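K.L.:
Got a structure for you, questions after.
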Amino acid sequence: MRPVFRSSLSLSRVRWALRNQQRYSSTFSSKSPKLLVGVNQNEAFVNTNTYNSTLYSRLSFSRGLSAEAIEAADSVRLTVSSSADVKRTGPLVEYERRISNGELMTGDICQLGALKELQRLHDQLVESVDTCRLDRYNTSDKSSSRSRWFWSRFMPESSVSPVKGLYLYGGVGTGKTMLMDLFFDQLPDTWKKQRIHFHDFMLTVHSRLQKHKGLSDPLEVVAQEIAHDAILLCLDEFMVTDVADALILNRLFGHLFSNGIILVATSNRNPDKLYEGGLQRDLFLPFIASLKERNVVHEIGSAVDYRKLTSAEQGFYFIGKDLSTLLKQKFQEHIGGNVVARPQEVEVVMGRKLQVPLGAKGCAYFPFEELCDRPLGAADYFGLFKKFHTLALEGVPVFGLHNRTAAYRFVTLVDVMYENRARLLCTAEATPQELLEKIVTISDAKSMSPRTSSRSRKNDVSELCVDNELGFAKDRTISRLTEMNSKEYLEQHATTHNL
């Protein structure tokens, strides 16, 4: 039934109805997907997730929406546009503005619930800008971190923010990063704010710990340095897989929260599931309690992966064996026919250096083994993509129990590439879905039935890699590989790197 609105309808009710509209663009392409090399049309990889507002318009798909919410919002759009407070700002207001301008049409109620929480946080921050010491040009504390640490030995003090942060979690491709970026971009540039990938954030923390080693509590000094630069800390893809990170997070964030830090984080995992099954997890549990105490926890319940709603038209994901010649040909095309690629060296954190087998014109060429079968990690990958915008990766294998460590590195590599909007050219033994098909969580393994063929259940299980963290991360990796082979992603890659 179509909702009935009375003339006395309150503005809050009007806004409720409008918030149940879709944040998708009317410019969604309905063209049929083109084939990637070695992939049939039913498996064609599709995409889209971006950082700029132009590509946010990818969200123009209205599957699984509330008909009542759509009709209600359509009915009151004119009322809202005429009566809304024009001085108000924030992510939800920007969303409404785009609807009024025709940039967006009806959308995902699950995302709108998250937008409501982000707007709540935005409004509280605006009201508490002085109390929270957000304005970098209106802060009287100019002393150094070590000086503040020294005096804190004699006069301990805590300045926990009166505003709670936000922890957004949900499935892959549901728009968490896009929503956080929309929130971040609506805040004044004069504020002490930072938006950073969690991997990169922890690398910075460890680097600063090295700088301050010898102090009785270097984590406290590191926390003060972070708070001096940014009171609002937006961490994308919050995930804990490293025991070294797990063991310091509770004390680190204890100091951060005591210094007034306000956290906004996105994650694929419920806070209670962070570092599940990890070594010495009992020492990590107090951090989970602190995280939940200092943040509103909100789940984006959408089951739609928006990275898979457009057609992949220009991907460079080649499936098959013995494709080295083809990949080198594509690599040469990208650097220029007359350019000679040579071995190069990349400096990463703490003085380490990474050897690049071939590199030229911002493009690097690696056999899979050189990048994922060696003791490398996020620091090496971030260092690599500070110098190179394109990676040609030869010979990505199907992952399983025998190469689990390489699978972890590959997942991290894809995360870092995606964060840096790097371009991937690769040859692989199978589609992204098939590459990680044998990686499962414990619950997935328990629910799997033995095959009815002559092969035994023992053989079935022996092929599987049962790993909770890796099994949970695989959907994100598949989704990102899908998007990285799309026309939209490659267009943004070119824009980001001025190509």
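K.L.:
Report, by chain and number, residues whose modeled amide H sits under 5 Å from the one on I262, excluding near sequence neighbours (fewer than 5 apart, same chain).
P.N.:
Amide H neighbours of I262: L232, L233.
K.L.:
Give a residue-ordered list of calculated ³J(HN,Hα) values for the stretch 481-498 (Karplus: 6.51 cos²θ - 1.76 cosθ + 1.60, θ = phi - 60°; whole Hz; x for Gly, Pro).
P.N.:
4, 4, 5, 5, 9, 9, 4, 4, 5, 5, 5, 5, 4, 5, 5, 4, 9, 6
K.L.:
Once R0 is set to 60 Å, what does the formula 1/(1 + (r/R0)^6) return for the Cβ-Cβ distance between N138 and Q280, expressed as a FRET efficiency to the nearest 0.05?
P.N.:
Details: r = 42 Å, r/R0 = 0.71.
The value I calculate is 0.90.
K.L.:
Follow-up. Which whole-Hz ³J(HN,Hα) couplings does the stretch 331-342 yield from phi under the Karplus relation 6.51 cos²θ - 1.76 cosθ + 1.60, θ = phi - 60°, glycine and proline marked x?
P.N.:
For the stretch 331-342, the Karplus curve yields 4, 5, 4, 6, 8, x, x, 9, 7, 9, 7, 9 Hz.
K.L.:
In whole Hz, with x marking every Gly and Pro, tabulate ³J(HN,Hα) for the stretch 348-355 from phi via Karplus 6.51 cos²θ - 1.76 cosθ + 1.60, θ = phi - 60°.
P.N.:
In residue order, the calculated couplings are 10, 5, 6, x, 6, 10, 10, 8 Hz.
K.L.:
Rank by packing, highest mean first: peptides 346-359, 473-486, 369-382, 173-186, with packing defined as the count of other Cβ atoms within 10 Å averaged across residues. It would help to have the intermediate numbers written out before the result.
P.N.:
Numbers: 346-359: 15.3, 473-486: 24.5, 369-382: 18.3, 173-186: 22.7.
In decreasing order of mean packing, 346-359, 473-486, 369-382, 173-186 become 473-486, 173-186, 369-382, 346-359.
K.L.:
Let me ask something else. Once fully extended, how much extra length lies between D185 and L326, figured as 0.36 nm per residue of separation less the alpha-carbon to alpha-carbon distance?
P.N.:
On the way: separation 141, 0.36 × 141 = 50.76 nm, distance 4.13 nm.
Length gained, D185 through L326: 46.6 nm.
K.L.:
Filter K273/K446; K321/K353; K328/K361; K176/K292; K116/K176; K116/K164 down to the pairs with a C-alpha to C-alpha distance above 20 Å, please.
P.N.:
Working: K273/K446 18 Å; K321/K353 31 Å; K328/K361 15 Å; K176/K292 18 Å; K116/K176 13 Å; K116/K164 15 Å.
In this structure, K321/K353 exceed 20 Å between Cα atoms.
K.L.:
Using the Cβ atoms and a cut-off under 14 Å, what net charge is assigned to the surroundings of V243, where Lys and Arg are +1 and Asp and Glu are -1? Could the numbers behind the result be given before it?
P.N.:
On the way: positive: R281; negative: D242, D245, E276, D282, E469.
Here the charged neighbours net out to -4.
K.L.:
Hey, with R₀ at 25 Å, roughly what FRET efficiency would A494 and S100 work out to, going by the Cβ-Cβ distance, to 0.05?
P.N.:
Details: r = 31 Å, r/R0 = 1.23.
Taking R0 as 25 Å, the efficiency between A494 and S100 is 0.20.
K.L.:
Give me, ordered by chain and number, the residues 5 or more places off R423 or on other chains with an amide H under 5 Å from its own placed amide H.
P.N.:
T390, L391
Bear in mind that the values in this text are calculations on the coordinates, not laboratory data. Just so it is clear, the structure is predicted and the values come from calculations on it, not from any experiment. All Cβ positions, glycine included, derive from the backbone under ideal geometry; neighbour counts span all protein chains shown.
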